[in-house]
Structure formats: C-alpha cells, structure tokens
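Below is one structure; the comments refer to it alone.
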Amino acid sequence: MDNASALAPADRDRVSTRVSLALLGVRSDAPVRRTGGAGPSDDGHFVVDGEGAAIPLNPNSPYVITASGRLTRDGADLGFDVAPVVRPKFYDLQTDEGVAYDKIAKLHGKNVLATTVVQTCVRYDESERCRFCAIEASLDAGTTIAVKTPAMLAEVAEAAVRLDGVTHMVMTTGTSNGWDRGAKHLARCVRAVKAAVPQLEIQVQCEPPADLQAITDLYDAGARSIGIHVESMDDDVRRRWMPGKSRVSMDEYRAAWREAVRVFGWNQVSTYLIVGMGEDPDEAVEGARELIEMGVYPFVVPFRPLKGTLATDVDKVPAPHRAVVDDITSRVAQLLHAAGMRGEDQKAGCAACGACSILKTAGA
Ligand code: SF4
C-alpha cells in the first residue's frame, strides 16, 4: 500500500497542511514560545483542533490565524481551528530566592511542563556539539538558569498543576561527564516532583547511560516514560551532525533502548528522528521500523533552522523539502498504526504531547 492511499484524501490534505505549517510557520503572536534551548525546536505554541502544536513564528509566512481562530492562506479558510496557547499563571511567580518560575520550567504544547535540569552540556565545544542544538543559548540570554534543583522543580510543578492544569512533565538534561551522563540528577528531580505532585506523569530524556542500572533508577524514582534520543540511525549523518554524541555507538543505543523497554514497557520509550539532515528516506523509514519492532516510538520531527545553532549560523542548512517530511512522516505513521503504537498512549513526554511532530495528524 503506498502512503497516499493509507489516509482518506481529506486527511491527506490535513497532513500536507500541517507539514507546510511546520516548515513555513505562521504569521501570529504566541505568548508561549521557546527561544533557544535543548534539541531542535524554536517555536510558538498553539492548539490546533484541540491538539498542541509547536509552529515557527514567521512574519513572512503565507499562513495567517484570523481573529476568530481559523487558519487561512491567501484568504481561504483551511479548515483548522487554531489558537495560541495562553500565558500560564505560573509564569508570574518566583521562588523565595527571586528566581522566576519560567526560568525553571516552561509550558510546552497545551499541557506539558518542560525543563532542562542541567542547561550545560559536556559536548558543547564547537567541535563536539550537535549542530542542531542551542542548549546553552537560552542560558547565555539569561532566560534560564544553569542547574534546576529538585526543590525548585517540585515547587514549580506543584504550581503549574494547580494553576494551569498541566498533566505531564518532560525533564531533559545536558550530558554530564559521569557514568550516568546526567541521569543521577534527573532521578533526584523526578523523586522530588513526584513527592510534591504524585499524579503528574514524567518523561525523562537522556543519552544512553554507560551503566544501564541508571534506567531502572529513573523508573524507581517515578518516571514512567523515557526518551533516549538518537536523532538519526545513520552513522554517517550522526558523525556529520553530532560529532561528540556519535561516539556513543548505535550498539550502545540499542542496548539502552532494549533495557528501557524491559523496564518502562512497550511504547513507553521513544527517540527523536530528525528529517532533513541528509538521510536516505528509505533508510530512515527502515530505522523507524527497527525501533517500532523493539517497542520504541520513533518521534519523527522536521529539522527546523534555529538561530544559535551551528547548523543555522554556520552551515546555513535550510528546512527540509516538504515532500520529504510528508513522505517519511506518513510512512512511519503507517508503521506505527500497524503496530498499534500511538503517541498518546505514552504516559508523558514528547510522543504523548506530539506538538513538534506531524505524526499525530497522520494518525499515529
Ligand atoms: S513534543 Fe516535546 S519538545 Fe515538543 S512541545 Fe511537546 S513536550 Fe515540548
């Protein structure tokens, strides 16, 4: 079955529009947005037909949101309800020491609390750094702090749940030098947040720890989903785009994913796969198939040009072609659908949120 035939024509149009939105962005204000930070995103946050969507803000985009909350292009209504996510109340609070809550954690999508517990990375030297990452840019800009303590995170999470109805939390981290690659501090943070708000489900994100015991430690601390992000399964792409991280071998990733599935369960483990780093589309889809067979959700996202990254500032890499994003996303969605694997079945985290990917629109 080819990709186009897997979805009804109206649904195919919706996928196609979502892909274009992710690449061309939207002309709009967004009170909730990310500027810089870990990973590949620098977007405004919206609710599109009830689902969170992270969309680049682009004053030159052909896509416009009307005052009545409809998405239009050249005046034509495209059939989507769109509203910017409103500024959460917890952003107005600060700790007793005077640290603004929004420097400790941010609202993502419509109901996710996200934080980078350690905002520095051992791989941030220019020769080592992942070329899509701007983890220390927000630190340099003063919009976050270097290390979030467990107590700070517990305080902010409690407020975000109480005041803004946040339902899950993502904790990511820059990579440390130690055997745990940052997992130890993550586990302490998870434990503190779960003690303050036991109902809040948490996803942790880290590199494969050198000692796989760290995965059990994260689960025991209270995390219920985990992201171990490879970004590409192709070693040539990995070496070009992630000179430091590519020294963690694919064998180490596979061992960590297997252990994570054993500990966290089928479809509670995920990895980012970024489209637009020069990968072969068929090989990317085969990589996703291998992950799915392992019980790991491949969270497919388009590469987004992002100021503060080497890919954008130095390499001038453009956004990928929309046909490639549409093709890989649709084929992976089909594989996920066939395996009965849905992002929304993850307890917490990026696959559950889905805002940075088009997989949900494509039925996964
Ligand atoms: S998919 Fe992940 S990174 Fe993107 S908005 Fe949702 S929680 Fe944040």
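Every read-out reported here was derived from the displayed coordinates using simple, explicitly stated rules and does not represent laboratory data. Computed from a prediction, not measured in an experiment: that's the story for all the values here. Here the Cβ is made from the backbone with ideal geometry for all residues, glycine too, and neighbour counts use every protein chain on show.
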statement: Expressed to one decimal in nm², the mean projection of the alpha carbon convex hull of the range 63-176 is 9.7 nm²
Euclidean distance of C-alpha centroids, the range 164-214 and the range 40-69, integer Å: 29 Å
message: Quick query: amide H of I135 versus all other amide H atoms, modeled in the peptide plane; which residues come in under 5 Å with a sequence gap of 5 or more or a different chain?
response: G37, G39
- prompt: Hey, what did the chain get for relative contact order, percent, Cα under 8 Å, at least 6 apart?
  reply: 17 percent
- prompt: If you find the alpha carbon centre of the range 283-343 and of the range 116-150, how far apart are they in angstrom?
  reply: 23 Å
statement: Straight-line reach check, K316, cutoff 26 Å on alpha carbons, 8 or more apart in-chain or any other chain, hits among lysines -> K245, K307
message: How large are Rg and Dmax for the chain when calculated on the C-alpha trace, in angstrom?
response: 19.1, 59
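In the neighborhood of K89, defined by Cβ-to-Cβ distances under 15 Å, what is the net charge if each Lys or Arg adds +1 and each Asp or Glu adds -1?
On the way: positive: R87, K106, K110, R162; negative: D92, D102, E155, E158, D164.
Residues near K89 contribute -1 overall.
Which value in deg cm²/dmol, rounded to the nearest 500, describes the helix-derived mean residue ellipticity at 222 nm for the chain, given -39,500 (n - 2.57) per DSSP H run of n ≥ 4 and division by the residue count?
On the way: 12 runs with 124 residues, N = 364.
Value at 222 nm, helices only: -10000 deg cm²/dmol.
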field: Rounded to whole Å, sorted largest first: equivalent-ellipsoid semi-axes of the range 267-360, Cα gyration tensor
entry: 24, 15, 11
- prompt: Amide H neighbours of D81 under 5 Å, counting only residues 5+ apart in sequence or on other chains, H built in-plane at 1.01 Å?
  reply: D49
- request: Starting at the first residue of the range 249-254, write each ³J(HN,Hα) from the Karplus equation 6.51 cos²θ - 1.76 cosθ + 1.60 with θ = phi - 60°, in whole Hz, x for Gly and Pro.
  value: 6, 4, 4, 5, 4, 4
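Return the percentage of antiparallel bridges among DSSP beta bridges fully within the chain, rounded to the nearest 5 %. Each step should come with its number before you reach the end.
Values: 21 of 45 bridges.
Roughly 45 percent of the beta bridges in the chain run antiparallel, per DSSP.
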